[in-house]
Ligand code: DGY
């Protein structure tokens, strides 16, 4: 009998066809996400799960799936999964690192340039038929070239954003749980500082830290107050890193110059006021959303599932200790 797999969404590319050759696959094709109750029901007899970041996998879900061997999360972040509970139940968890690094770094830069140069406002201005010709003061933004970029969380994506800053001749500061080795700092041309110095000195701040108990609301009123009124904040990591209500207040009162957001504290809901502000560019969590990247993410997630179903080590385990058991 073939192993049984639940995939909580359709995936781009042909990875699912590959999986269907070796497993009995149930794909949730409805665009409305599975409720927790539905997820529990569908998982009862499954050996593997391919989940999205919107699927919360906690102890209750895990307890309802006694045959589960692997959860392949279709994302690099895995804050939607209780890793400790999965490990305790001998369930491997995998994610999709590396393949989405460059696409996400590109989006951080798209938001940075978009807000600095007021691209959405300019687009709307033209569509509204307001363009009457070149004017010295028309839609002035702020320069990026030669400015200071502050990176919070210097992991793979933080590094890729920093590499791109070389083309803009930027001075790069970074704050991370650990300081990087000197050779790495030299290669990136980035200087390690504490969070306060980064907030006070940067013209552009980009967040690339995972969501953990420590990073929840890392940026709140105190931190926003430390930022310069001419500076911008970009978030392509996880919404709850920023206190969204406080950010909205800071933007509304022009305490900071602007923000570029791809992620939100209570997705898919936004602070209602955000959509009325001009000094913020908003994207609907599309950091990794290129065709090439999403296909690679699907391939990696499915390869992880197939490896585990065949008794092999997955490519990108989060809790590899389970493998040794
Ligand atoms: C991730 O991978 O964690 C993103 O948020 C979705 O690509």
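Could you please rank 273, 227, placing first whichever residue has the fewest other Cβ atoms within 10 Å of its Cβ?
On the way: 273 14, 227 23.
Going from least to most buried by this count: 273, 227.
By count of other Cβ within 10 Å, fewest leading, how are 154, 1 ordered? Don't jump to the answer; show the numbers that get you there.
On the way: 154 25, 1 4.
Ordered by Cβ neighbours within 10 Å, fewest first: 1, 154.
Rounded if a/c is under 1.5, else prolate if a/b beats b/c, else oblate: with a ≥ b ≥ c from the C-alpha gyration tensor eigenvalues square-rooted, which is region 86-209? Before the final figure, lay out each step's value.
Numbers: a/c = 2.82, a/b = 1.62, b/c = 1.74.
In terms of gyration-tensor shape, oblate.
Ignoring everything except DSSP H segments at least 4 long, calculate the 222 nm mean residue ellipticity for the chain; use -39,500 (n - 2.57) per segment, divide by total residues, nearest 500. Write down the numbers at each step before the final one.
Numbers: 13 runs with 114 residues, N = 325.
Calculated from helices alone, the mean residue ellipticity at 222 nm is -10000 deg cm²/dmol.
Antiparallel as a % of all DSSP beta bridges within region 101-282, to the nearest 5? Before the final figure, lay out each step's value.
Values: 1 of 25 bridges.
Here the share of antiparallel DSSP bridges comes out near 5 percent.
If you rank 145, 174, 204 by fewest surrounding Cβ atoms within 10 Å, what's the result? Mind showing how you got there, number by number?
Working: 145 8, 174 25, 204 29.
In order of increasing Cβ crowding within 10 Å: 145, 174, 204.
Between residue 40 and residue 185, what length comes free when the chain is fully extended (0.36 nm per residue of separation minus the Cα-Cα distance, one decimal in nm)? Intermediate results must be reported in sequence, preceding the final value.
Numbers: separation 145, 0.36 × 145 = 52.20 nm, distance 4.59 nm.
Using 0.36 nm per residue and subtracting the Cα-Cα distance, I get 47.6 nm.
What is the chain by shape, rounded, prolate or oblate, if you read a ≥ b ≥ c off the alpha carbon gyration tensor as root eigenvalues and call it rounded for a/c under 1.5, prolate for a/b larger than b/c, and oblate otherwise? Write out the running numbers ahead of the final one.
On the way: a/c = 2.12, a/b = 1.76, b/c = 1.21.
Prolate, because a/c is 1.5 or more and a/b exceeds b/c.
Read-outs throughout are calculated quantities, based only on the coordinates presented, and are distinct from any laboratory measurement. If you're wondering where the values come from, they're calculated on a predicted model, not measured in any experiment. Cβ coordinates were reconstructed from backbone atoms using ideal geometry, including for glycine residues, and neighbour counts include every protein chain displayed.
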